[in-house]
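Note sheet for the following structure.
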Amino acid sequence: MLSLPNGTADEPNIRRNAELIAAMFRRRGLTVRLIEAEGSPPAVLAEQSVPGAKTTIALYAHYDGQPVSRENWTHDPWQPILLNASMENRGQPATLEALPATGDGEWRIYARSASDDKAPIMAMAAALDALRAAGIPAAANLKLFFEGEEEAGSPHLARILAAEPGLLRADLWLLCDGPVHSTRRPQVFFGPAASPVSSSRSTAPCGPFTAGTTGTGRPTPL
């Protein structure tokens, strides 16, 4: 998945990303559909219904990424490399076969969108595999929603939701888009950061003036 370019404006590759994710979760037995509004990239909805379940859990991630400036990369950003430590700590190339069985939190995969935000998508797939391998049955309905234009401000998301009001209704939402805390400890957060947009207009004189009788009545910007 990391070898697929995913710039929001790269429509052919954005669709390839969506189709790959859809195939990943179909193989795991989920019901998958691609959802589109006019002019939008496909959103991927994967669902698992559990007979008798009274709770629905939904998870969000996005598969698009910001544009790439190749001059800022030490290697091809679409060719993932695995290091046994961070670049800052002089990590050396490694293979998955050499990864300790218990894992190592200091190993790094470097590729475009490896952390923001394709890692959570792979984590969800791996979690499904782990639960089934351990014989742990699902106790809640599951909805996985993957968006393809988060980095562009999600301009079509409201239209998608308005067309199908109950599409993403759930008892609990987990938003899987954000960095590891600087302490490296797990986090629980109770709401996503907002990105308010506003505009203002101010009026001011085009030159200096005195503060006497003439200047007092003139508008000044805040």
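Quick note: the coordinates plus some simple rules give every number you see, no bench work behind them. All figures in this text were calculated on a predicted structure; none of them were measured in a lab. Glycine gets a Cβ as well: all are built from the backbone with ideal geometry, and neighbour counts include every protein chain shown.
Could you give the nm distance between label points at Ile109 and Val68, where each point is 7 Å from its Cα heading toward the beta carbon?
Result for the modelled spin labels: 1.5 nm.
Could you tell me how many degrees, from 0 to 90 and to the nearest 10, lie between the Cα long axis of helix 119-133 and the main elongation axis, the longest principal axis, of the Cα atoms of the chain?
Once rounded, one gets 30 degrees.
Take the alpha-carbon positions of region 1-124, form their convex hull, and give its projected area averaged over all directions (one quarter of the hull surface) in nm².
10.1
What Rg and what Dmax come out for the chain when only alpha-carbon atoms are used, in angstroms?
That works out to 23.4, 84 Å for Rg and Dmax.
Counting other C-beta atoms within 10 Å, and keeping those with at most 15, which DSSP coil GluC sites (Glu not before Pro) do you find in region 72-139? Could you put the intermediate results ahead of the total?
Working: sites: Glu88, Glu97, Glu106; in loops: Glu106.
Loop-located and lightly packed - Glu106.
Around Val180, with a cut-off of 14 angstrom between Cβ atoms, what is the net charge of the other residues, counting Lys and Arg +1 and Asp and Glu -1?
Details: positive: Arg108, Arg184, Arg185; negative: Glu106, Asp116, Asp117, Asp177.
Surrounding charge for Val180 is -1.
Using alpha-carbon pairs under 8 Å, 6+ residues apart, how would you state the relative contact order of the chain in percent? Working shown, then result.
On the way: 311 pairs, mean separation 59.8, N = 222.
Once divided by the residue count of the chain, the mean separation gives 27 percent.
Could you please report the charge total around Arg169, scoring K, R as +1 and D, E as -1 over all other residues with beta-carbon less than 13 angstrom from its beta-carbon?
Numbers: positive: Lys143; negative: Glu47, Glu164, Asp171.
Net charge in that neighbourhood comes out at -2.
Quick one: helix 11-27 against the long Cα principal axis of the chain, what's the angle to the nearest 10°, folded into 0 to 90?
Roughly 40 degrees, rounded to the nearest 10.
Restrict the search to region 63-92; then list the chymotrypsin sites (Phe, Trp or Tyr not before Pro) that DSSP places in a loop and that have at most 16 other Cβ atoms within 10 Å of their Cβ. Could the numbers behind the result be given before it?
Working: sites: Tyr63, Trp73, Trp78; in loops: Tyr63, Trp73, Trp78.
Of the chymotrypsin sites (Phe, Trp or Tyr not before Pro), the ones in loops of region 63-92 whose Cβ has at most 16 other Cβ atoms within 10 Å are Trp73.
Per residue of region 70-86, in order, report the coupling 6.51 cos²θ - 1.76 cosθ + 1.60 (Karplus, θ = phi - 60°) as ³J(HN,Hα) in whole Hz, putting x for Gly and Pro.
Taking θ as phi minus 60°, the curve returns 4, 5, 8, 10, 7, 8, 4, x, 9, 10, x, 10, 10, 10, 7, 6, 5 Hz for region 70-86.
Rounded, prolate or oblate: which one fits region 134-185, using the alpha carbon gyration tensor with axes a ≥ b ≥ c (rounded when a/c is under 1.5, else prolate when a/b beats b/c, else oblate)? Could you put the intermediate results ahead of the total?
Working: a/c = 2.77, a/b = 1.14, b/c = 2.42.
Note, shape of region 134-185 comes out oblate.
What shape does region 92-157 have by the C-alpha gyration tensor, where a ≥ b ≥ c are the square roots of the eigenvalues, rounded means a/c under 1.5, and otherwise prolate means a/b greater than b/c and oblate the rest?
Details: a/c = 3.98, a/b = 1.14, b/c = 3.49.
Verdict is oblate for region 92-157.
Per residue of region 32-38, what does 6.51 cos²θ - 1.76 cosθ + 1.60 with θ = phi - 60° give for ³J(HN,Hα)? Whole Hz please, x for Gly and Pro, Karplus curve as stated.
10, 9, 9, 10, 9, 10, 4
Two-decimal Rg/Rh of region 70-111 from alpha-carbon positions, Kirkwood Rh? Spell out each step's value before the answer.
Values: Rg = 10.9 Å, Rh = 10.9 Å.
Radius of gyration relative to Kirkwood radius: 1.00.
Given Cβ point charges of +1 (Lys, Arg) and -1 (Asp, Glu) and nothing else, what value in debye, to the nearest 20, does the dipole of region 70-111 about its Cα centre take? Working shown, then result.
Details: 3 positive and 6 negative charges, 10 e Å.
Rounded to the nearest 20 debye, it is 60 debye.
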